[in-house]
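**Q** Just dropping this structure here.
The values are calculated or read from the model by the stated rules, or taken from the named source; none is laboratory data. Bear in mind the structure is a predicted one, so any value in this text is a computation, not a measurement. Ideal geometry is used to build each Cβ from the backbone, glycine not excepted, and the neighbour counts take in all protein chains shown. Side chains included, ligands, DNA and RNA excluded: accessible areas come from the protein's heavy atoms. Shrake-Rupley method; radii C 1.70, N 1.55, O 1.52, S 1.80 Å.
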Amino acid sequence: MLNDSVLSAPCVSSVNESRLNIAVMISGGGTNLQALIDAVKTGAIQGARIALVISSKQDAYGMTRAAENGIAAVSIGKAEFPDAAEREAAISGALQRAKIDIIVLAGYMSILPPGLIREYEWRIINIHPSLIPKHCGMGFYGKRVHTAVLAAGDRESGATVHYVDEEVDSGQIIIQERVPVMDGDDADSLAARVLEAEHRILVAAVNKVIAAFAGS
Ligand code: GRF
């Protein structure tokens, strides 16, 4: 039975407008972006919206995913801005106009300029398809990571989300998930198993960063 005080309460919006704005930076298929889009839709991520997608490649399928979900998306790469300083200014401007609070690198294949990393210190996270500190750093990306895991004879691999600092894949780790390396695995089968873990821990990592914001 609702008491009178509840019945007389003013109507409140079910949408919390004080949500954080997330930018997702991509270069490819965008399945990690899709995992975040789906998590916001289902409520697995609350307190934030994906406000912007920035791609380093005009033809990244992640741009299509953004368009299909009504998310502002812009391609800012060497094709559009050959000059590095102009490219950095374009990225910074897009982030500022969208009032971005958190940046998620999800398959973003360019190195962020140090000025941007400092501007968004402790607010940029990256997903990497190995158990950092194994098989990471310059040159370890995509299928190369899984090939290295198999060549090393590792019996397990996994995924890591970490804060981004000015080195490559070296920032404080937020979350990791281990997956087994199965007999008969090749780079593609291992990549597929790790990618499923990526989608899970990226959502969990974003929730941890949102919580850290709330606590700050
Ligand atoms: C993922 O494997 C991620 O770990 C790596 O690039 C890939 C991006 O995949 N950084 P997608 O574009 O999110 O599908």
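Each row is one residue, and each column tells you yes or no for (1) within 16 Å of the ligand (Cβ to nearest atom); (2) not in a helix (DSSP H, G or I).
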| site | (1), (2) |
| --- | --- |
| PRO82 | no, yes |
| GLU88 | no, no |
| GLY93 | no, no |
| LYS99 | no, yes |
| LEU116 | no, no |
| TRP122 | no, yes |
| LYS134 | yes, yes |
| TYR141 | yes, yes |
| LEU150 | yes, no |
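**Q** In the list SER18, SER55, SER92, which residue meets the criterion of being among the hydroxyl-bearing types (Ser, Thr, Tyr) and under 16 Å from VAL209 (Cα atoms)?
**A** Values: SER55 fails: under 16 Å from VAL209 (Cα atoms); SER92 fails: under 16 Å from VAL209 (Cα atoms).
Exactly one residue qualifies, and that residue is SER18.
**Q** What is the number of the single condition among (1) open to solvent by 20 Å² or more (accessible area, probe 1.4 Å); (2) on the phi > 0 side of the Ramachandran plot; (3) in contact (Cβ under 8 Å) with a residue 12 or more places away in the chain; (4) not hydrophobic (A, V, I, L, M, F, W, C) that GLU177 does not meet?
**A** (2)
**Q** Residues that are small (Gly, Ala, Ser), in contact (Cβ under 8 Å) with a residue 40 or more places away in the chain and buried (at least 19 other Cβ atoms within 10 Å of the Cβ): does the range 86-97 have at least one? Give the steps one after another, and end with the answer.
**A** If we filter the range 86-97 for residues that are small (Gly, Ala, Ser), which is where we start, we get 89-90, 92-94.
Adding the requirement that they be in contact (Cβ under 8 Å) with a residue 40 or more places away in the chain leaves 94.
From the residues that got through so far, the ones that are buried (at least 19 other Cβ atoms within 10 Å of the Cβ) too are none.
No; the residues of the range 86-97 include none that is small (Gly, Ala, Ser), in contact (Cβ under 8 Å) with a residue 40 or more places away in the chain and buried (at least 19 other Cβ atoms within 10 Å of the Cβ).
**Q** Could you tell me whether ARG193 is in a helix (DSSP H, G or I) and within 24 Å of SER56 (Cα to Cα)?
**A** When the stated conditions are applied, ARG193 does not pass them.
**Q** Just need a number here: residues in the range 35-80 that are open to solvent by less than 40 Å² (accessible area, probe 1.4 Å), free of Cβ contacts under 8 Å to residues at least 60 places away in the same chain and not in a helix (DSSP H, G or I).
**A** 13
**Q** Could I ask something else about it? Within the bounds of the range 194-203, is there any residue that is modelled with pLDDT under 95 and either among the aromatic types (Phe, Trp, Tyr) or open to solvent by less than 20 Å² (accessible area, probe 1.4 Å) (or both)?
**A** Step one: filter the range 194-203 for residues modelled with pLDDT under 95, giving none.
Among the residues of the range 194-203, not one is modelled with pLDDT under 95 and either among the aromatic types (Phe, Trp, Tyr) or open to solvent by less than 20 Å² (accessible area, probe 1.4 Å) (or both), which makes the answer no.
**Q** Something else about it: For ASP4, are the conditions met, namely being farther than 19 Å from TYR120 by Cβ, acidic (Asp, Glu), open to solvent by 60 Å² or more (accessible area, probe 1.4 Å) and at pLDDT 95 or above?
**A** Details: farther than 19 Å from TYR120 by Cβ: yes; acidic (Asp, Glu): yes; open to solvent by 60 Å² or more (accessible area, probe 1.4 Å): yes; at pLDDT 95 or above: no.
Judged against the criteria, ASP4 is not a match.
**Q** Looking at the range 154-174, which of its residues are part of a loop (DSSP other than H, G, I, E, B), modelled with pLDDT of 95 or more and open to solvent by 50 Å² or more (accessible area, probe 1.4 Å)? Before the answer, list the steps.
**A** Here is the first cut: in the range 154-174, the ones part of a loop (DSSP other than H, G, I, E, B) are 154-155, 164-172.
Then keep just the ones that are modelled with pLDDT of 95 or more; that gives 154-155, 164, 172.
Answer for the range 154-174, where residues must be part of a loop (DSSP other than H, G, I, E, B), modelled with pLDDT of 95 or more and open to solvent by 50 Å² or more (accessible area, probe 1.4 Å): ARG155, GLN172.
**Q** Name every residue in the range 19-34 that is open to solvent by 10 Å² or more (accessible area, probe 1.4 Å) and either within 21 Å of TRP122 (Cβ to Cβ) or away from the ligand (no atom under 11 Å from the Cβ) (or both), in order of residue number.
**A** Listed by number, the residues that qualify are ARG19, LEU20, ASN21, ASN32.
**Q** So which residues in the range 106-139 are open to solvent by 80 Å² or more (accessible area, probe 1.4 Å), within 23 Å of ALA89 (Cβ to Cβ) and not acidic (Asp, Glu), if there are any at all?
**A** MET109, ILE111, ARG118, TRP122
**Q** Further question: Which of the residues spanning the range 180-190 are free of Cβ contacts under 8 Å to residues at least 24 places away in the same chain and part of a loop (DSSP other than H, G, I, E, B)?
**A** Narrowing the range 180-190 to residues free of Cβ contacts under 8 Å to residues at least 24 places away in the same chain: 182-184, 189.
Across the range 180-190, the qualifying residues are MET182, ASP183, GLY184.
**Q** Quick check: is even one residue across the range 20-35 out of contact with any Cys (no Cβ under 9 Å at 6 or more places or on another chain) and modelled with pLDDT under 95? I'd like the intermediate steps shown before the answer.
**A** Filtering the range 20-35 down to residues out of contact with any Cys (no Cβ under 9 Å at 6 or more places or on another chain) leaves 20-35.
From what is left, the residues that are modelled with pLDDT under 95 are none.
Taking every residue of the range 20-35 in turn, none turns out to be out of contact with any Cys (no Cβ under 9 Å at 6 or more places or on another chain) and modelled with pLDDT under 95.
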